Amino acid sequence: MLIVIRGAGDIATGIALRLWRAGLQVVLTDLEQPTAIRRTVAFSQAIVHGEAVVEGVTARRARSPEQALELLRQRLIPVLADPRGACIPALKPAAVVDAILAKRNLGTKITDAPVVIGVGPGFTVGVDCHAVVETMRGHTLGRALYEGSALPNTGIPGLIGGFAGERVLRAPADGVFHQLLDIGAQVKLGDVAGEVNGLPMACTLDGVLRGILPEGTPVHKGMKAGDVDPRCRIEHCYCASDKALAVGGGVLEAVLNLSGTLKFDS
């Protein structure tokens, strides 16, 4: 069974890992210049570097749908620079998963595949998808919903290690991002992780820099540009998060359920 995942950031990568390890084939799409923060656990980096390895699973950039199918035959995960999902009609997947996490639908249609799944807010079952998977941290994280929509976006990041909004570092101005610290760096409150037009992007708590935009990324003021993990576990920088895997589990359930793959004895 072939599934196309729109998006290849850390949550989409967690979804891909869950599906791939369950024996399903996956193809991911993303921007030509990806904006993933947690780059060490994002298959989108295959677009930048040609190849990306996350938890021992290798993804490689594909230049066409045909090349994507060839990579699948080599047991590699293809990643296409295809933000509009133009590859979908050519690949004819059994399912499409929109994991762009834009908080709104950027073009996914319920007719894109026999099974269409929206991840997070911005999708409504029966309107633009067949199921929605909840992304908000809490009791319903990772739940597959077969009616309605995910919880609305609050604009406040989920609680990790007792911190929420403080974890996120945001670009201080419009311009081009200049990276000063690397993912995995131990940081203290006030440390400058990056800058835009000479304006500092300072850390707002102690921890480990779990994610940061790469050098030269165009940004706008307030754009998410970094992520500090207060749990101070460097190994968390190099493996899929609990959230990504929980969401991936919900997507896996929905794919198998809606495709009729799940069979139960009466």
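The values are calculated or read from the model by the stated rules, or taken from the named source; none is laboratory data. Computed from a prediction, not measured in an experiment: that's the story for all the values here. With ideal geometry, Cβ positions are generated from the backbone for all residues, glycine too; neighbour counts draw on all protein chains shown. Just the protein is used for accessible areas: all its heavy atoms, side chains included, with ligands, DNA and RNA removed. Shrake-Rupley method; radii C 1.70, N 1.55, O 1.52, S 1.80 Å.
Points worth noting:
- In region 205-218, the residue that is nearest to the chain's Cα centre (by Cα) out of those that are assigned to a loop (DSSP other than H, G, I, E, B) and surrounded by 19 or more Cβ atoms within 10 Å (Cβ to Cβ) is L213.
- Residue under evaluation R231, criteria (1) touching a residue at least 40 places away in the same chain (Cβ under 8 Å); (2) of a type in the set (D, E, K, R); (3) assigned to a strand (DSSP E or B), criterion not met: (3)
- Filtering region 171-204 to residues that are open to solvent by less than 30 Å² (accessible area, probe 1.4 Å) and either assigned to a strand (DSSP E or B) or touching a helix residue (DSSP H, G or I) at 6+ places or on another chain (Cβ under 6 Å) (or both) leaves G175, F177, I183, G184, V187, A193, G194, V196, M201.
- Of the criteria (1) in contact (Cβ under 8 Å) with a residue 12 or more places away in the chain; (2) open to solvent by less than 60 Å² (accessible area, probe 1.4 Å); (3) farther than 14 Å from I3 by Cα, which one L91 fails: (3)
- Enumeration of residues in region 239-263 that are exposed (fewer than 15 other Cβ atoms within 10 Å of the Cβ) and part of a helix (DSSP H, G or I): D242
- Boolean, V53 is open to solvent by 40 Å² or more (accessible area, probe 1.4 Å) and in a loop (DSSP other than H, G, I, E, B): no
- Enumeration of residues in region 56-88 that are assigned to a loop (DSSP other than H, G, I, E, B) and surrounded by 15 or more Cβ atoms within 10 Å (Cβ to Cβ): L76, D82, P83, G85, C87
- When restricted to residues that are touching a residue at least 40 places away in the same chain (Cβ under 8 Å) and assigned to a strand (DSSP E or B), region 110-137 contains 5.
- The sole residue among G14, G23 that is of a type in the set (G, A, S), out of contact with any Cys (no Cβ under 8 Å at 6 or more places or on another chain) and either touching a residue at least 40 places away in the same chain (Cβ under 8 Å) or under 30 Å from R167 (Cβ atoms) (or both) is G14.
- Test: residue in region 99-109 that is in a loop (DSSP other than H, G, I, E, B), open to solvent by less than 30 Å² (accessible area, probe 1.4 Å) and closer than 26 Å to P152 by Cβ: yes
- Within region 34-74, being among the charged types (D, E, K, R) and in contact with a strand residue (DSSP E or B) (Cβ under 6 Å, 6 or more places away or on another chain) holds for R38, E51, R60, R61.
- Failed item, numbered, when I234 is tested on (1) hydrophobic (A, V, I, L, M, F, W, C); (2) open to solvent by 30 Å² or more (accessible area, probe 1.4 Å); (3) farther than 25 Å from H49 by Cβ: (3)
- Within region 220-228, not a single residue is loosely packed, with under 14 Cβ neighbours inside 10 Å and in contact with a helix residue (DSSP H, G or I) (Cβ under 7 Å, 6 or more places away or on another chain).
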